[in-house]
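Shown next, in structure tokens, is the structure this report addresses.
The values are calculated or read from the model by the stated rules, or taken from the named source; none is laboratory data. Nothing here was measured: the structure is a model prediction, and the numbers come from that model. Positions of Cβ are generated from backbone atoms using ideal geometry, with glycine treated the same way; all protein chains shown enter the neighbour counts. Accessible surface is based on the protein model in full, side chains and every heavy atom, while ligands, DNA and RNA are left aside. Shrake-Rupley method; radii C 1.70, N 1.55, O 1.52, S 1.80 Å.
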Amino acid sequence: MKYVSTRGQAEPLNFTDAGLGGLATDGGLLVPEALPDLSGELDRLAELSYADLAFEVFLRFTDIPEAELRGLVDRAYATFRHPDTAPTVPLGDRFVLELFHGPTLAFKDMAMQFLAQFFEYALEQRDERLNILGSTSGDTGSAAIHGVRGKSRINIFMMHPEGRTSPVQALQMTSVLDPNVFNLAIDGTFDDCQRIMKTLFADVPFKQAYQLGAVNSVNWIRVMAQIVYYLYSGLRTLRAENASAVQFSVPTGNFGNILAGYYAAQMGLPVSRLILATNENDILARFIQTGVYEQGSVAHTISPSMDIQVASNFERFLYALLGSDPVATCEAMGAFNASGRLDLQAHHGAHPALKLFAARQIDTERTLATIREADTAHGMVLDPHTAVGVAAGDDLRLPGDPLVCLATAHPAKFTDAIVKAIGREPHHPVLDALADAETRCQRMANDVEAVRTYLIQTLVSR
Ligand SMILES: *Cc1c(COP(=O)(O)O)cnc(C)c1O
């Protein structure tokens, strides 16, 4: 399988180069030149365990030899705490797909655990090293750290804004004491961390001399790994409910998670509707509703991992909507970057991809009411992101087909919102244990040069 850029100005890459590089060199995103068709094999795939299914799916996308791939997949999903890896459980007349049984209790582990295994394997093959530099406002940073901790060819430098992540999120990162993990608490905002990261990545000689790399959400391998759980839950639900199609509701920020659902449908999973759920940051919901993609300003909500305006994975969906035409995609992205607005009304309604989607924005009050309802009526505590998806699913589901709502985090990661909704604090033993954990973290000025110096000195001494 080759990977091509959505903007068509870069040479096609093989899987390993696409996975190690992240972005295409022309500024576009990498997409597989074709999607595999699984429609003739669904009955067989429905029988497989999570890891076996992941292996079957990845085999069709990668150039990694089978025996090696098997090892990577087994090690990636052995870290999950549930025997089903990602179980689907009933919630009244809906289903909830629990994606939070990985090391950091959020769905980003589903992909990051495999991505880290892939990095280690590819670096070994090429006898190279990688120094990951990242900035995080919460979930992505801790999933990345837990993925690469202890890997001998990788160091990770993760910046977070001092005092501005939730205490639990900070502890999930700073309690990882492996010698290849470096947490930097920056005296500034998340935007300051982003700016430092972008400045250092833009210095190409520095980036090359110190083998800097990223673990951003546009890496193809993260999207690919997420396709698996749609198939896993979808096939099992279809069988259990004796249904002909399934619908999913997905709380969305960067469009990474729901994009994987779209690809699963393209690969042959019978999906009748994909419900895109946002909080007050509703650029994606408005796009699905109107065909106009228009940037607003970021609002801070009780589902902070979806407080995003410009969705980094949107360009892959746009490319699909424009008939895999790189020239049209390039023009559309150029227009959006110049004006903050993109009008695709001409395509709206007519395109089969858009017909699959429905979208709803869910406000804070409704989110809290949904958490309360699930707790009172069914004894299940939903995290606020998951609750946004459940509420949108209730509003937009088609009659008949089973509805699977994706649960993207364990509620104990977001205690403030849960206490507001139901007056009790949710717990998880892993998070409770962090209260007395030893931590390691370097506090730093909001200054690019301070971070650069720290990186150089650390790498020279390692
Ligand atoms: C990252 C995240 C999301 C949003 O996922 P996208 O792929 O950015 O759409 C939703 N919920 C939680 C808990 C997350 O960490």
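Some observations on this one:
- Answer residue from segment 267-309, given it is among the β-branched types (Val, Ile, Thr) and in a loop (DSSP other than H, G, I, E, B) and is nearest to Leu368 (Cα to Cα) among those: Ile302
- Restricting the first member to segment 251-271 and to residues that are open to solvent by 10 Å² or more (accessible area, probe 1.4 Å), and the second to residues that are within 16 Å of the ligand (Cβ to nearest atom) and basic (Lys, Arg), the beta-carbon pairs closer than 8 Å and six or more apart or on different chains are Gly256/Arg222.
- Any helices (runs of 4 or more DSSP H) falling wholly within segment 350-414 and containing at least 2 residues that are modelled with pLDDT of 95 or more and either of a type in the set (Lys, Arg) or surrounded by fewer than 24 Cβ atoms within 10 Å (Cβ to Cβ) (or both): 364-378, 384-396
- Segment 236-250: number of residues that are among the hydrophobic types (A, V, I, L, M, F, W, C) and either touching a His at 6+ places or on another chain (Cβ under 9 Å) or open to solvent by 10 Å² or more (accessible area, probe 1.4 Å) (or both): 4
- Checking Ala18, Ala10, Ala34 one by one, the residue that is open to solvent by 10 Å² or more (accessible area, probe 1.4 Å) and in contact (Cβ under 8 Å) with a residue 24 or more places away in the chain is Ala34 and no other.
- Flag if Arg222 is within 16 Å of the ligand (Cβ to nearest atom) and either assigned to a loop (DSSP other than H, G, I, E, B) or of a type in the set (D, E, K, R) (or both): yes
- The numbered conditions (1) open to solvent by 40 Å² or more (accessible area, probe 1.4 Å); (2) part of a helix (DSSP H, G or I); (3) free of Cβ contacts under 8 Å to residues at least 60 places away in the same chain are all true for Pro90 except (2).
- The C-beta contact set for segment 391-409 (first residue at positive phi, second residue part of a loop (DSSP other than H, G, I, E, B), distance under 8 angstrom, 6+ apart or interchain) comprises Gly400/Ala243.
- Being under 26 Å from Thr415 (Cα atoms) and in contact with a strand residue (DSSP E or B) (Cβ under 8 Å, 6 or more places away or on another chain) is a property that does not hold for Gly147.
- Residues (away from the ligand (no atom under 13 Å from the Cβ) and not polar (S, T, N, Q)) located in segment 237-262: Leu238, Arg239, Ala240, Glu241, Ala243, Ala245, Val246
- Flag not set for Gly323, criterion: in a loop (DSSP other than H, G, I, E, B), modelled with pLDDT of 95 or more and either under 26 Å from Ile221 (Cα atoms) or within 16 Å of the ligand (Cβ to nearest atom) (or both).
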